[in-house]
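Colleague: To start, I am sharing the structure in question, which I have written as structure tokens.
The values are calculated or read from the model by the stated rules, or taken from the named source; none is laboratory data. None of these values were measured; they are calculated from a predicted model. Here Cβ is always computed from backbone atoms with ideal geometry, including for glycine, and neighbour counts include all displayed protein chains.
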Amino acid sequence: MVTNFSVEFTDQAADDLAEITKTIAQRILDKIHWLSANCGSLTPAALAGDLAGIYKLRVGDYRVLYTLNNDARSVCILRIRHRRDVYKNL
């Protein structure tokens, strides 16, 4: 039996989500739920350079940046922002 990965939000990610319209925020939350259910069988989209170890999830024009801990079976959501702003001030 495969169990879902647990999901944690940083304070920054929670603030980011609160600033997004409810319909888009719900789409993002649905995709994060999907990620937690399927994380064990995915090859995540890794970032490079200074952002190595961080992964991205695309939800329309928004990006969810997260880290994985396979041993603890957890996902930590770092940022949720529009694609033009997500990589600034990380």
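Colleague: Which one of these does Arg73 not meet: (1) farther than 17 Å from Arg84 by Cα; (2) surrounded by 15 or more Cβ atoms within 10 Å (Cβ to Cβ); (3) among the charged types (D, E, K, R); (4) within 12 Å of the chain's Cα centre (by Cα)?
Modeller: Just one mismatch for Arg73, condition (4).
Colleague: Is there a residue being over 20 Å from Arg73 (Cα atoms), in a helix (DSSP H, G or I) and either small (Gly, Ala, Ser) or in contact with a strand residue (DSSP E or B) (Cβ under 9 Å, 6 or more places away or on another chain) (or both) anywhere in region 31-46?
Modeller: No, region 31-46 contains no residue that is over 20 Å from Arg73 (Cα atoms), in a helix (DSSP H, G or I) and either small (Gly, Ala, Ser) or in contact with a strand residue (DSSP E or B) (Cβ under 9 Å, 6 or more places away or on another chain) (or both).
Colleague: Let me ask something additional. With respect to Phe5, is the statement that it is touching a helix residue (DSSP H, G or I) at 6+ places or on another chain (Cβ under 9 Å), among the hydrophobic types (A, V, I, L, M, F, W, C) and at pLDDT below 95 true?
Modeller: Yes, satisfied.
Colleague: When the residues of region 1-21 are narrowed to those that are within 15 Å of Val86 (Cβ to Cβ) and out of contact with any Leu (no Cβ under 8 Å at 6 or more places or on another chain), which ends up surrounded by the most Cβ atoms within 10 Å (Cβ to Cβ)?
Modeller: Per the stated criteria, the residue is Asp16.
Colleague: Among the residues of region 1-25, which ones are of a type in the set (A, V, I, L, M, F, W, C), in contact (Cβ under 8 Å) with a residue 12 or more places away in the chain and closer than 25 Å to Asn89 by Cβ?
Modeller: Listed by number, the residues that qualify are Val7, Phe9, Ala13, Leu17, Ile20, Ile24.
Colleague: How many residues does region 47-70 hold that are in a strand (DSSP E or B) and surrounded by 15 or more Cβ atoms within 10 Å (Cβ to Cβ)?
Modeller: Qualifying residue count for the region: 11.
Colleague: I would also like to ask the following. Yes or no: Thr67 polar (S, T, N, Q) and closer than 23 Å to Ile24 by Cα?
Modeller: Answer is yes for this residue.
Colleague: Still on this model: Restricting region 22-39 to residues that are of a type in the set (S, T, N, Q) and modelled with pLDDT of 95 or more, which is surrounded by the most Cβ atoms within 10 Å (Cβ to Cβ)?
Modeller: Per the stated criteria, the residue is Gln26.
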